[in-house]
2 protein chains.
Amino acid sequence: MSLLVVGSIAIDTVKTPVEEHSDLLGGSASYAALGASFFSPVRLVGVVGDDFPESEFQFWKSHKIDTKGVQRVNGKTFRWSGEYSWDLNTRETRSIALNVFENFKPVLPETYRQTDFVLLANIAPSLQAHVLDQMKRPRFVVADTTREMTKETSLVKAGRRIREMGPRYVAIKKGEHGALLFGDNEFFSCGAYPLEDIHDPTGAGDTFAGGMAGYLAGNVKKVTFTDLRKAMIYGSVLASFCVEAFSLERLRNLSMEEIAKRYETFKLMSQFEVPVS
Amino acid sequence: MSLLVVGSIAIDTVKTPVEEHSDLLGGSASYAALGASFFSPVRLVGVVGDDFPESEFQFWKSHKIDTKGVQRVNGKTFRWSGEYSWDLNTRETRSIALNVFENFKPVLPETYRQTDFVLLANIAPSLQAHVLDQMKRPRFVVADTTREMTKETSLVKAGRRIREMGPRYVAIKKGEHGALLFGDNEFFSCGAYPLEDIHDPTGAGDTFAGGMAGYLAGNVKKVTFTDLRKAMIYGSVLASFCVEAFSLERLRNLSMEEIAKRYETFKLMSQFEVPVS
């Protein structure tokens, strides 16, 4: 089944302690859509300006990413520039220009409204809500949001608190420390894939969400906690590839074989009771 | 088999954002020994002053902790006082008085020198080395050290680097984010047990090391990576109980049934492929 992805599409400049690159494809929807596309067809919703490279549309097409929902308007594409700290764990925004994103009002093409799986990638909650308002009974909605939602210092309490606000499941992404999943009296924890060299952490969380939602859309009819465990591992696998190169470069050339292999490694690195072959 | 534990024995004052308690049993060896004692007999090496409560010796005895190696000397016991930040993730030492610990030179009783398993809990590396020098071919030595050993920002690189320095296996404790284990082309990652309320993080890492080493001493002849996976989970289980109350209070009343139950929960929260019952 298809996955609808809405979020930002941007042109980034990224500086790490080692390198700096500009004019990179970025934005939460770009990462999420490509991450998801390994598992299911994607319907992309976003906005770009007239400076946006046509080649990206070609690339999306080659990845079964439907771009009917991407508005092309006069003006410049959303631009973001950021710089990472020495350990890559924090970053500072150096400049931000919303440009055409400032007045973005997502309008779903008629054919998108019946999509069963939805990923509201990281954008303003009002835009996320506006997308949901246009949809006809989606089966499963994943909303990416910020950690400021609760004032809790304990992640376990935060997870439970967000569940009390409504969602049936809550996933907390912890970057290099992995991720947590909360359900009804159920809990799942996974580490991040161990990488020696991280080149650019940008978009890792978006790719995680995309991989997770894409796996569900492509493989599951009625989502259970057990499905979500696997989906979270696939999200982690995709995110681990994402940070191996700047922007989406690593994901552009990624194969399903590589994904499957890293998934198996994940299994080996998490098991402590079942026979480890 | 027995486990020899050497480290500090202290009397602590601990302040969290919620509570403050003084005259608590503390020190790396106190936590490690009690954590280990659930799995194997322990031989404790340390030093206390003449103000140290006799009742603790009784308690150790009741837990199969041999205290022949604990020197009682004139003067005051090592005292430490610390205060935790609002989120309990960092702490500041408010005062420290080494007292009898200042001139501590561990001397192993003759009966200790043949112990197969050794845990060098967190104390000065020179003291750790001095203990090893007195031992007759221990089978397996666990050394607890500080994170400053490498200048690496990546934990994966740090783990590999420390292995290059000599040890066959390296475990990295990440507190609320779990732990990592590095072997020869093998890797294991586990989360921490999810707790809603943490009362006092003091000693969690020492208890982790104690539980891990104690499990190995009590259950394994020749340590393999597979054994270490399980040992690390038992370490995590013990540490999760440790932080539920101040000082060693929770561990004092802990039962093997509670440990076994939490170990099973760990299994459920880490599996994503094998059938989850």
Quantify, in whole percent, the carbon and sulfur part of the accessible surface of chain A (1.4 Å probe; protein heavy atoms only). 49
Residue of B with Cβ nearest the axis relating B to A, plus distance in whole Å? B:177, 2
With +1 on the Cβ of every Lys and Arg and -1 on the Cβ of every Asp and Glu, and nothing else charged, how large is the dipole of segment B:1-156 about its Cα centre, in debye rounded to the nearest 20? 660
Two-decimal Rg/Rh of segment B:21-140 from alpha-carbon positions, Kirkwood Rh? 0.97
Sites residue B:92 and residue B:161, calculated FRET efficiency, Cβ-Cβ separation with R0 41 Å, nearest 0.05: 0.90
Whole-angstrom Cα spans of the protein assembly as shown along principal axes, big to small: 83, 44, 43
Using only the Cα atoms of segment A:92-202, each taken as one equal point scatterer with no solvent, compute I(q) by the Debye sum, divide by I(0), and report log10 of the ratio at q = 0.21 Å⁻¹. -1.23
For segment B:213-235 versus segment B:106-129, the gap between their alpha-carbon centres in whole angstrom: 19
Can you tell me how chain A classifies by the Cα gyration tensor, rounded, prolate or oblate, using a/c under 1.5 as the rounded cut? rounded
What's the whole-number percent of alpha carbon pairs in segment B:1-81 lying beyond 21 angstrom? 27
Which longest uninterrupted range of chain A lacks any trypsin sites (Lys or Arg not before Pro) assigned by DSSP to a loop state (not H, G, I, E or B) and surrounded by at most 11 other Cβ atoms within 10 Å? A:1-135
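At 1.4 Å probe radius, can you tell me the per residue accessible area of the protein assembly as shown in Å²? Intermediate values should be presented prior to the final figure.
Numbers: 24840 Å² over 554 residues.
Heavy-atom SASA per residue in the protein assembly as shown reads 45 Å².
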Based on the Cα coordinates of segment B:175-277, what is the per residue volume of their convex hull in Å³? 114
Rg ratio (alpha-carbon, reference 2.2 N^0.38 Å) - segment B:89-141: 1.43
Give the distance, in whole Å, between the Cα centre of segment B:168-208 and the Cα centre of segment A:196-210. 23
Which of B:105/B:174; A:174/A:267; B:136/B:222; A:61/A:230; A:174/B:173 have a Cα-Cα distance over 21 Å? B:105/B:174; A:61/A:230
Over segment B:213-270, equivalent-ellipsoid semi-axes from the Cα gyration tensor in Å: 21, 14, 10
Determine the percent antiparallel among the DSSP beta bridges restricted to the protein assembly as shown, to the nearest 5. 45
Which of the residues in segment A:186-208 show a loss of at least 30 Å² in accessible area from their chain by itself to the complete set of protein chains, at a probe of 1.4 Å? A:187, A:188, A:189, A:194, A:196
Leaving out ligands, DNA and RNA, calculate the buried accessible area for the pair A and B with a 1.4 Å probe, summed over both sides, in Å² to the nearest 100. 3200
Compute the longest continuous run of chain B that contains no exposed GluC sites (Glu not before Pro); treat a site as exposed when its DSSP state is not H, G, I, E or B and it has at most 13 other Cβ atoms within 10 Å. B:103-195
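Just want to confirm a number: the relative contact order over chain B, from Cα pairs under 8 angstrom separated by 6+ residues, in percent.
Details: 569 pairs, mean separation 54.7, N = 277.
Answer for chain B is 20 percent.
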How large is ³J(HN,Hα), in whole Hz, for each residue of segment A:196-209 in order, when computed from phi with the Karplus curve 6.51 cos²θ - 1.76 cosθ + 1.60 and θ = phi - 60°, using x for Gly and Pro? 7, 10, 10, 9, 7, x, 4, x, 4, x, 5, 5, 4, 4
Among A:149, A:190, A:214, pick out the residue whose Cα is farthest towards the positive end of the charge dipole of segment A:144-216, where Lys and Arg carry +1 and Asp and Glu carry -1 on C-beta, about the Cα centre. A:149
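The values are calculated or read from the model by the stated rules, or taken from the named source; none is laboratory data. Just so it is clear, the model here is predicted, and its values are computed rather than measured. Cβ: placed from backbone, ideal geometry, glycine included. Neighbour counts: every protein chain shown. Heavy atoms of the whole protein, side chains included, go into the accessibility calculation; ligands, DNA and RNA do not. Shrake-Rupley method; radii C 1.70, N 1.55, O 1.52, S 1.80 Å.
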